[in-house]
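Worksheet for the structure shown next.
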Amino acid sequence: QVQLVESGGGLVQAGGSLRLSCAASGSIFNIRTMSWHRQAPGKQRELVAAISSGGTTNYADHAKGRFTISRDNAKNTVHLRMNSLNPEETAVYYCHVMERLLTYWGQGTQVTVSS
């Protein structure tokens, strides 16, 4: 089992920035992809950004140019730097990892962007 703990969410004004972090612990042998997803009220969960164990990144169109995903393989952590946030990005942000053949979700961290 792998446990994920997210941090860094909160309230920010439109145009502001936040940095989310996710730390994985437990029975970790080989974490492959680490990613962030978000779910706004009444909407489906969607991918924000992903990063492979080798550092290859993938961003949703809405995140390109404003968000940066990074990871520290030694510490089993993944971060998401979000700039120029807008109110439509208010959502619960979830960390997701693939460890060998299993996937795990964090409990989510609330991000609220005020106008």
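The values are calculated or read from the model by the stated rules, or taken from the named source; none is laboratory data. Owing to the predicted nature of the structure, the values given are computational and were not obtained by experimental measurement. So basically every Cβ, Gly included, is an ideal-geometry build from the backbone, and we count neighbours across all protein chains shown. These area figures cover heavy atoms from the full protein model, side chains too; ligands, DNA and RNA do not enter into them. Shrake-Rupley method; radii C 1.70, N 1.55, O 1.52, S 1.80 Å.
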(request) Take Ser27 and decide whether it is within 19 Å of Val5 (Cβ to Cβ), open to solvent by 60 Å² or more (accessible area, probe 1.4 Å) and of a type in the set (Ser, Thr, Tyr). (result) yes
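For (1) assigned to a loop (DSSP other than H, G, I, E, B); (2) touching an Asp or Glu at 6+ places or on another chain (Cβ under 9 Å), each residue gets a yes or a no:
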residue	(1), (2)
Ser53	yes, no
His62	yes, yes
Gly65	yes, no
Arg81	no, no
Tyr94	no, yes
Thr112	no, no
(message) Step by step: first the residues of segment 45-77, then only those that are in contact (Cβ under 8 Å) with a residue 40 or more places away in the chain and among the β-branched types (Val, Ile, Thr), then the one that is most open to solvent (accessible area, probe 1.4 Å). Which residue is that?
(response) Thr77
(message) Suppose the filter is touching a strand residue (DSSP E or B) at 6+ places or on another chain (Cβ under 8 Å) and exposed (fewer than 15 other Cβ atoms within 10 Å of the Cβ); does Thr103 pass it?
(response) yes
(message) Between a residue in segment 90-109 that is over 15 Å from Thr77 (Cα atoms) and any residue that is among the basic types (Lys, Arg) and not in a strand (DSSP E or B), which pairs come within a Cβ distance under 8 Å, given they are 6 or more apart or on different chains?
(response) Ala91/Lys43
(request) State yes or no: is Ala14 out of contact with any Phe, Trp or Tyr (no Cβ under 6 Å at 6 or more places or on another chain), open to solvent by 50 Å² or more (accessible area, probe 1.4 Å) and of a type in the set (A, V, I, L, M)? (result) yes
